[in-house]
1. Going by the conditions given, is Gly126 touching a strand residue (DSSP E or B) at 6+ places or on another chain (Cβ under 6 Å) and either open to solvent by 20 Å² or more (accessible area, probe 1.4 Å) or part of a strand (DSSP E or B) (or both)?
2. Tell me, which strands (runs of 3 or more DSSP E) wholly within the range 487-590 include 3 or more residues that are surrounded by fewer than 21 Cβ atoms within 10 Å (Cβ to Cβ)?
3. Those residues that are within 15 Å of Tyr245 (Cα to Cα), touching a helix residue (DSSP H, G or I) at 6+ places or on another chain (Cβ under 9 Å) and not in a helix (DSSP H, G or I), I need them from the range 258-280; list them, please.
4. Which count do you get for residues in the range 323-347 that are open to solvent by 30 Å² or more (accessible area, probe 1.4 Å), within 19 Å of Leu260 (Cβ to Cβ) and in contact with a Gly (Cβ under 9 Å, 6 or more places away or on another chain)?
5. Count, please, the residues in the range 302-314 that happen to be crowded, with 16+ Cβ neighbours inside 10 Å and closer than 16 Å to Leu392 by Cα.
6. Considering every residue within the range 24-38, establish whether at least one is of a type in the set (A, V, I, L, M), in contact (Cβ under 8 Å) with a residue 24 or more places away in the chain and open to solvent by 60 Å² or more (accessible area, probe 1.4 Å).
7. Have a look at Glu120, Glu131 and point out the one that is open to solvent by 20 Å² or more (accessible area, probe 1.4 Å), out of contact with any helix residue (DSSP H, G or I) (no Cβ under 7 Å at 6 or more places or on another chain) and more than 20 Å from Trp578 (Cα to Cα).
8. Being open to solvent by less than 20 Å² (accessible area, probe 1.4 Å) and either in contact (Cβ under 8 Å) with a residue 24 or more places away in the chain or at positive phi (or both) narrows it down to one of Tyr257, Tyr268, so name that one.
Amino acid sequence: MALREVPERFSFPKAEEEILAYWQANQTFEESVRLSEGKPPFSFYDGPPFATGLPHYGHILAGTIKDIVCRYAHQTGHYVPRRFGWDCHGLPVEFEIDKKLAIKGRQDVLDMGIDKYNDECRAIVGRYTKEWEVTVNRVGRWIDFEKGYRTMDLNYMETVWWVFKQLHQKDCVYRGFKVMPYSCALNTPLSNFEVQQNYKDVQDPAVVANFPLIGEENVYFLAWTTTPWTLPSNLALCVNPEFEYVRIKDAESGNIYIILASRLISIYPELGNPKKAADAKKKFTELARFKGAELKGKEYRPPFDYFESTRATGSFRVITGGFVTDDSGTGIVHCAPAFGEEDYKACLENGVIRLGEKLVCPVDADGRFTDEVPDFKGLGVKEADQQIIPFLKAQGRIVRVDVINHSYPFCWRSDTPLIYRAVPGTFVRVEKIKDRLLANNGQTYWVPSFVKEKRFHNWLENARDWAVSRNRFWGTPIPMWMSDDGEEVVVVGSKAELEELAGVKLTDLHREFIDNLEIPSKKGKGTLKRVDEVFDCWFESGSMPYAQQHYPFENKEYFEASFPADFIAEGIDQTRGWFYTLMVLSTALFDKPAFKNLICNGLVLAADGQKMSKRKQNYPDPTKVRSSPQTDTRQRTAYVNAADPRPTA
C-alpha cells in the first residue's frame, strides 16, 4: 500500500480537527463504550466544576490525566462509562446574580422574593455549557455530556436529602451555635477548608487598650488586639493561670499597669534593643509579681458600657484559660465571645455566657454594627476600626497603637476580608469519625504518595466538625423541620416522604417550593417549620457518587457493584475540598473510602504567578491557544511541568 504523502507544511491543529470531525461523525466514543458493555467495569468519578465560568488550563490538565487513564482502562478490557457533571448551586452562582442585580444583602433578596432570585440563578447555570463542550472536545477528551449530572436536578437533590438523613440517623448531625469564619459580603459562614483557599498578607491595626480595675485607683489591665472593632462587645479578660504577671508603675503617666512579665516589650519596645534596654527600664517601676491565677474574678470597667447590664450575670471579670500565649500581645486576652472561637469557649467554661441564652452580638448579617452600638451604628466592622481607635484615644483608653503585617483570610468568592462571628447552623460530626477517616485513607493509593501521607493525612488528623449549612437561597434546602422550641426534629430523606408528611405534590425541591410547607407535630407542638438554610455546595459535590446515580432510589445494584470508584483525579487544591468531602461522607455512610486510586496534579499558574481563576480571568482563551501551530509543544510542556504537585505541596 502506498504511503500518503506528508505536506511540507503540516498543521497539527488542522489534523486534530479532522480527527475530531471523524470521531463525531462516527460516534466513535459512544460506540466504544457500547461495545465494551458486559466487560469488567472500571468506575470513574468526574468532579463537577462550577457552572459559572469557562474552563482554564487547570481543568484541561486534570481532564487530560483523567482521559489517559480512562482510555487505558478501556483498552485493557474494561467497561468505562464517563459522565460529565456540573456544580450548579452555591455562592459562585449567587455572587454573579448579586453583582448583576446590585444586591447588597440578605434583605434585598427577601424583598425581591426567593422565587425570582432563584429563577435568576437558574437562568445562568447553563450559559457556558456549550463553551465547556467545545473546549473539552477540542483537547480530544472522551466524556459524555448528554448524560451528565447537575446538582440542581431533582433526582440529584433527592439523593442529597437521603445522604443527610442517613447521617442524622447515625447521630452524625447536630444543630449548634459556633463561632465560624463569616463572609459579610455573602452573608454566610464558610467551612474551614473554604477559608484555607484565600489567605493574603495585610496590614491591620494592633492596639493595647487599658481596662480599669474596679476598686483600685489608676490601676489598669492591658490587653492587646488586632480587631479593635470587637472592643464594644468585650465581656471578659483572660489570663493564663500558670504564667507570671507583674504590676508596674509607668513613669510618664503615673498609671499602674498589669501585664505578663515576659511581654513588657509590647508597651516598651525598646526593651528588645540591647542598646536602648537600659533606658527603657527607667520608664517603669516593677511593684509586684504573681501568677495569673491570682487575678481570677477581679472586676474591671470595659471600654464601652453598651452591655453593662450583663455584669450581673458574670461579665467584666478576669477569667483564666490555657489558650493565652506568651509569644505576642500583653498576655491578657480581651474576650468578645461572639467573635472569637477561643473567646467563646473560655467564656462558656467560666460562666460569662451560658448555652441557650442570647449572646452579645451587635453586628448584623452584612457585618455592620446594629443600634446596640449607637456610636458606630451602620458602620462595617473593618471601617469602624478607624473610628473606634480615635474614639477610645480621646477617652484615655488606648496605651499604644501599632500596625502589624500578617496573613489574613479572605472570602474565596467575593475576595473581601472574613470575620469570625457566632452563627447558628447545622453541623456534621467529623471529629467522632476521625480514626475511621485515617484508616480509610490508608486503603487508598495516591500519585504522588506524599500528598496522601502528608498533606491529606495531616488535614484528616486535624479535622473539625463540618458546618454544612449556608444562610443562602440557591442550593439544596436542608430537609430539617423543627418545632419552635427545637425539641422536635424531623429530617426528611426523600421527595415522597415530604409529600406524605406535608400532604402536597412536589415537582421541585428548591426553597421557593418547600419553604412554606409545615409538618404536623406528633408531640402536640403545633407545626414544624424548616430551618432557614441550604447545604454548602461542597456537601452536594461530596454526595456525587450516590447522587449522580439517584441512589438508592434507582441504580442500586449498579452503584453498589461499582463503589468505591476505581479512579479519580483533580488538582492538589482539592485535598481540602472535593477529596476531603468525598472521604468524610463515604466514611460516615459506609465506612469506606469513596475511591481506590487517585492522581493529584499540580497547579497551572497564570503569567503573574497566581493560580488561574475563573473569577480573575487571568489566562488566555484555551481554544485560541489550541489552534496555534505551536499547540502540541505548548501542551506537552504545560502538562509535564504542572503534573508534578511538589512545588505547591
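1. So Gly126 fails the test.
2. Answer list for the range 487-590: 489-491.
3. Ile258, Ile259, Leu260
4. 3
5. Qualifying residue count for the region: 4.
6. Among the residues of the range 24-38, not one is of a type in the set (A, V, I, L, M), in contact (Cβ under 8 Å) with a residue 24 or more places away in the chain and open to solvent by 60 Å² or more (accessible area, probe 1.4 Å), which makes the answer no.
7. The unique qualifying residue is Glu131.
8. Unique residue meeting the criteria: Tyr257.
The values are calculated or read from the model by the stated rules, or taken from the named source; none is laboratory data. Small disclaimer: the values here were computed from a predicted structure and weren't measured. Every residue, glycine as well, gets a Cβ built from its backbone with ideal geometry; the counts of neighbours run over all protein chains shown. Side chains are part of the model used for accessible areas, which takes the heavy atoms of the whole protein and leaves out ligands, DNA and RNA. Shrake-Rupley method; radii C 1.70, N 1.55, O 1.52, S 1.80 Å.
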